[in-house]
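Participant: The structure follows.
The values are calculated or read from the model by the stated rules, or taken from the named source; none is laboratory data. Quantities reported herein were computed from a predicted structural model and do not represent experimental measurements. Cβ sites come from the backbone with ideal geometry, for glycine too, and all protein chains shown count toward neighbours. Ligands, DNA and RNA are excluded from the accessible area calculation, which covers all protein heavy atoms including side chains. Shrake-Rupley method; radii C 1.70, N 1.55, O 1.52, S 1.80 Å.
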Amino acid sequence: MLLKPIGSGPAAALLSLAAGLLCLTAAPVQAWGPEVTQPAHNPEPGSDAAAPRFKPLPPPSLNFYGVPGVVDMPSAEMLPDGQYVTSVSWFGGQSRYNLTFQALPWLTTSFRYNGIRDLNLFGFSTYYDRGFDVRARLWKERRWLPEVTMGLQDFAGTGVYAAEYFVATKRFQTPALSHGGSPGRLKVSAGLGWGRLGSYGAIGNIGGKRPSFVGGGTGGELSYDQWFRGDFAPFGGIEWQPNEQWSLKAEYSSDAYVTEAEVSNVFERKSPFNFGVEYQHSDRARFGLYYLYGSEIGLTAQFQLNPHQPLTPMVVPAPHPIIPRSQWAVKEEDWNQDWPQSTTQTTVFRDQTAEALKEDGLILEAIDFKGTEVEIRFRNPRYRSAAQAAGRVARILTATLPASVETFHITTVSNGIGLSTLEVRRSDLEALEFDPLASDALQTVVGVSSAAPVSETALQSTELYPAFSASFGPYTKPSYFDPARPFRLDAGVDLLVSYAPAPGWIIAGALRQRLAGNIKNGRASNSVLPHVRTDITQYAQYGTTLENLFVSRNWKPASNIYARATAGLFETMFGGISGEVLWKPVNSPLALGVEANYVIQRDYDQLFSFRDYKTFTGHASLYYEMGNNYLLRLDAGRYLAGDYGGTFSLDRHFNNGWLVGAFFTLTNVSSEDFGEGSFDKGFHFRMPLDWILGKPSRRGYGLTIRPTQRDGGQKVGVPGRLYGSIRDAHQASLNNQRARFWE
């Protein structure tokens with residue numbers, strides 16, 4: 001519902017190969033379109049099943065760098081929008097662990113961790129390195145025109161795999177292998193590469209000699225002075241898919257592997273040709289076996305997930321039906337408006353509503369009856385979508401309240417704060433429930449406003465405060481990219497306890513028991529900055545720890561102003577006092593916030609003692625919802641090590657709860673003082689639990705990965721920061737989730 005505020009190019013060496021392939025008696029790819037199937041039943045209005053179902057094209061296979069490609073060379077293809085890919089590849093003493101995300105329909109981003117065994121350079125036997133890739137599609141494939149993509153490979157830092165390229169790909173259908181069988185598919189790719197991809201069979205040069213990979217240093221900096229510079233060479237390949245399970249690949253590689261095969265002796269490169277066979281095990285898993293460079297056997301495993309395709313279909317209890325009043329309110333007394341004057345009657349309706357909400361996993365905070373209107377304030381611990389929760393509340397009200405109540409004011413409450421109020425007319429619900437365009441029709445009849453304070457005449461729930469809760473469950477804590485062991489992990493159990501004495505107040509803590517792990521055996525810090533994050537091995541020495549223990553109050557000083565104050569042990573390494581103020585109008589894409597913290601570093605045993613390090617840290621923040629579920633955030637201020645600077649982050653939210661984002665921080669700490677990596681950067685993702693289990697849940701699994709964990713540009717982790725929970729119940733999120741109102 002658009003909710004409204006109330007009131008308001010190929011190379012010569014490959015031409016013969018490409019020309020021969022293009023002369024095949026094959027049709028262009030237009031017949032490759034998706035298959036359309038109609039729903040097998042009449043769908044619920046507003047559900048995704050209301051539109052025809054499309055069987056998507058299979059995602060492109062990946063090369064050894066984890067991006068769409070042939071074997072070791074890239075292709076021009078793009079993954080499906082939002083696709084998240086984890087892949088592992090190995091050949092000739094080289095292992096590559098790749099994470100790839102299709103950030104936009106035309107933009108692919110990748111992070112890779114490489115291990116090169118027996119490189120014997122720069123003091124390392126096995127040389128580990130991290131790299132980032134970005135690929136942008138220049139134009140789409142058309143009937144006779146190939147798809148064309150530009151790519152930057154390992155474009156920052158030491159650049160052990162650094163390359164740039166332009167590549168074109170054309171797809172064709174091939175005759176079926178058997179009578180009545182499905183046609184096969186053929187892909188032809190050809191391109192020009194620089195850097196690594198220009199090191200064999202060069203046909204030209206731009207800008208003179210290009211500096212070679214030298215390694216060492218701090219890394220992490222953009223190598224833009226080398227991009228598309230030096231020798232360039234052609235590459236290309238073909239992929240034939242006789243059916244949906246198998247693929248055969250062949251390619252000509254322009255990578256001479258100078259460092260591995262000439263400078264060092266990692267493997268012997270005898271030929272520029274690579275061959276492979278791949279098997280699509282399932283929609284999400286693909287495996288490959290290859291013969292590379294005339295001497296090596298290679299393997300890959302690729303695992304692809306798409307936020308739009310949940311692991312388990314969502315199953316939720318059926319919502320309350322909306323029975324039009326014309327079917328049951330047939331007597332004049334059914335429309336009586338005097339009942340709000342009776343305390344007995346209003347108490348009965350409150351209790352009936354509270355019980356119905358409880359059965360749906362929702363919690364009544366307060367309800368206020370005013371003749372033909374009612375305001376209900378509720379808490380949503382079950383449904384990730386605020387629109388879905390509000391829709392269920394509206395249905396419950398139609399079932400529990402007298403016919404005379406026409407207007408519902410539905411207020412979402414979190415941590416004692418009213419976040420937003422939806423104004424819904426009961427007659428509109430009755431008219432639109434079975435309308436095929438119900439979700440969009442709501443834009444003209446539903447409004448959203450800032451939540452007002454609870455009315456003095458409202459009937460409060462009698463079962464909410466004081467409230468105590470406890471939970472017990474497993475935890476995992478990873479640590480990445482130690483050269484001695486690239487991945488480390490601690491695991492154990494957490495006991496979480498919370499107590500809410502009154503609205504807006506919470507006292508909470510987490511007791512942690514580490515059961516197994518090896519983070520404590522990691523490398524010691526060599527940082528010249530205060531060790532605000534790099535002493536992780538010291539903090540991992542203890543089995544039983546107090547993860548956090550704090551008291552927090554949330555309140556709303558004015559209509560668009562939210563506030564938070566927190567004191568205690570915030571996280572593993574720091575405790576102190578924290579305050580935050582956020583300005584966030586309910587119908588605005590913009591929000592501004594200020595946070596200030598005075599913190600003390602906790603002792604390594606993570607109980608109640610502290611170390612000598614104390615500091616003030618805080619930031620001013622700007623949040624901007626850019627549309628299409630992209631969120632931009634800018635922070636400026638003082639970080640834990642006493643450095644000053646700013647953080648840029650860009651997140652993509654999906655309507656089903658997935659989140660994928662990236663960030664970087666630049667401060668007044670020099671790259672030499674910062675150390676390996678030069679500056680703080682990384683990416684994070686969050687996978688919702690309901691996407692995995694198919695059952696309603698607000699919980700999820702989140703992870704932040706930094707190529708290198710250093711001390712510069714670090715923030716304190718304060719529980720309960722304001723923006724995330726508030727945004728979820730404001731206009732943009734409600735609009736994006738409008739179809740869920742009817743679920």
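Participant: If we scan the stretch 638-657, do we find a residue that is touching a Pro at 6+ places or on another chain (Cβ under 8 Å), surrounded by fewer than 21 Cβ atoms within 10 Å (Cβ to Cβ) and at pLDDT 95 or above?
Facilitator: Yes, because at least one residue in the stretch 638-657 is touching a Pro at 6+ places or on another chain (Cβ under 8 Å), surrounded by fewer than 21 Cβ atoms within 10 Å (Cβ to Cβ) and at pLDDT 95 or above.
Participant: For the stretch 237-322, which strands (runs of 3 or more DSSP E) that fit wholly inside it have 1 or more residues that are farther than 30 Å from ASP118 by Cβ and open to solvent by less than 20 Å² (accessible area, probe 1.4 Å)? Spell out the reasoning first.
Facilitator: Details: elements: 246-252, 273-280, 285-292, 296-305.
Answer list for the stretch 237-322: 246-252, 285-292, 296-305.
Participant: Looking at VAL413, VAL445, VAL454 in this structure, which one is open to solvent by less than 30 Å² (accessible area, probe 1.4 Å) and at negative phi?
Facilitator: VAL413
Participant: Out of PRO501, PRO474, which single residue is open to solvent by 50 Å² or more (accessible area, probe 1.4 Å), under 27 Å from the mean Cα position of the chain (by Cα) and at pLDDT below 95?
Facilitator: None of the others qualify; the one that does is PRO474.
Participant: Next question. Scan the stretch 267-274 and give yes if some residue there is out of contact with any Ser or Thr (no Cβ under 6 Å at 6 or more places or on another chain) and acidic (Asp, Glu), otherwise no.
Facilitator: No, the conditions are met nowhere in the stretch 267-274.
Participant: Report, by residue number, each residue of the stretch 658-675 that is touching a strand residue (DSSP E or B) at 6+ places or on another chain (Cβ under 9 Å), within 24 Å of PHE155 (Cα to Cα) and open to solvent by 20 Å² or more (accessible area, probe 1.4 Å).
Facilitator: ALA662, PHE663, PHE664, LEU666, THR667, ASN668, VAL669
Participant: Could I ask something else about it? Of all residues in the stretch 100-120, how many are aliphatic (A, V, I, L, M) and under 19 Å from ARG485 (Cα atoms)?
Facilitator: 2
Participant: Among the strands (runs of 3 or more DSSP E) contained in the stretch 497-577, which hold 3 or more residues that are more than 26 Å from GLY473 (Cα to Cα)?
Facilitator: Once the strands (runs of 3 or more DSSP E) in the stretch 497-577 are filtered for at least 3 residues that are more than 26 Å from GLY473 (Cα to Cα), what remains is 544-558, 561-569.
Participant: Between residues in the stretch 661-687 that are within 15 Å of LEU99 (Cα to Cα) and residues that are open to solvent by 50 Å² or more (accessible area, probe 1.4 Å) and part of a loop (DSSP other than H, G, I, E, B), which pairs lie under 8 Å by C-beta distance while being six or more apart or on different chains?
Facilitator: GLY682/ARG706
Participant: Could you please let me know if THR412 is closer than 20 Å to SER733 by Cα and either assigned to a loop (DSSP other than H, G, I, E, B) or of a type in the set (S, T, N, Q) (or both)?
Facilitator: yes
The rows are residues; the columns are (1) open to solvent by 10 Å² or more (accessible area, probe 1.4 Å); (2) on the phi < 0 side of the Ramachandran plot; (3) part of a loop (DSSP other than H, G, I, E, B).
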| position | (1), (2), (3) |
| --- | --- |
| ARG377 | yes, yes, no |
| ARG382 | yes, yes, yes |
| ALA387 | no, yes, no |
| GLY391 | no, yes, no |
| ARG395 | yes, yes, no |
| ALA399 | yes, yes, no |
| VAL405 | no, yes, yes |
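Participant: Can you run down the residue pairs with Cβ atoms below 8 Å, 6 or more apart or on separate chains, where the first is in the stretch 592-603 and more than 21 Å from ALA636 (Cα to Cα) and the partner is not in a strand (DSSP E or B)?
Facilitator: Taking only residues 6 or more apart or on different chains, the pairs are GLN601/VAL532; GLN601/MET573; ARG602/THR572; ARG602/MET573; ARG602/SER609; ASP603/SER609.
Participant: Sticking with this one: Can you tell me how many residues in the stretch 224-236 are of a type outside the set (A, V, I, L, M, F, W, C) and either touching a Phe, Trp or Tyr at 6+ places or on another chain (Cβ under 7 Å) or part of a strand (DSSP E or B) (or both)? Show your work before the answer.
Facilitator: Let us first name the residues in the stretch 224-236 that are of a type outside the set (A, V, I, L, M, F, W, C), namely 224-226, 229-231, 234, 236.
This time we only want the ones that are either touching a Phe, Trp or Tyr at 6+ places or on another chain (Cβ under 7 Å) or part of a strand (DSSP E or B) (or both), so: 229-231, 234, 236.
The number of residues fulfilling the criteria is 5.
Participant: Let me ask something additional. Which ranges mark the strands (runs of 3 or more DSSP E) fully within the stretch 135-222 that have 1 or more residues being buried (at least 18 other Cβ atoms within 10 Å of the Cβ) and at pLDDT 95 or above?
Facilitator: Fully inside the stretch 135-222 and qualifying: 147-153, 163-174, 184-195.
Participant: Something else: Going through the stretch 323-358 one residue at a time, which ones are in a loop (DSSP other than H, G, I, E, B) and at pLDDT 85 or above?
Facilitator: Within the stretch 323-358, ILE323, PRO324, TRP328 meet the criteria.
Participant: Of a type in the set (Lys, Arg), in contact with a Leu (Cβ under 9 Å, 6 or more places away or on another chain) and under 30 Å from ASN415 (Cα atoms): does that describe ARG512?
Facilitator: Yes; evaluated as a whole, the condition is true for this residue.
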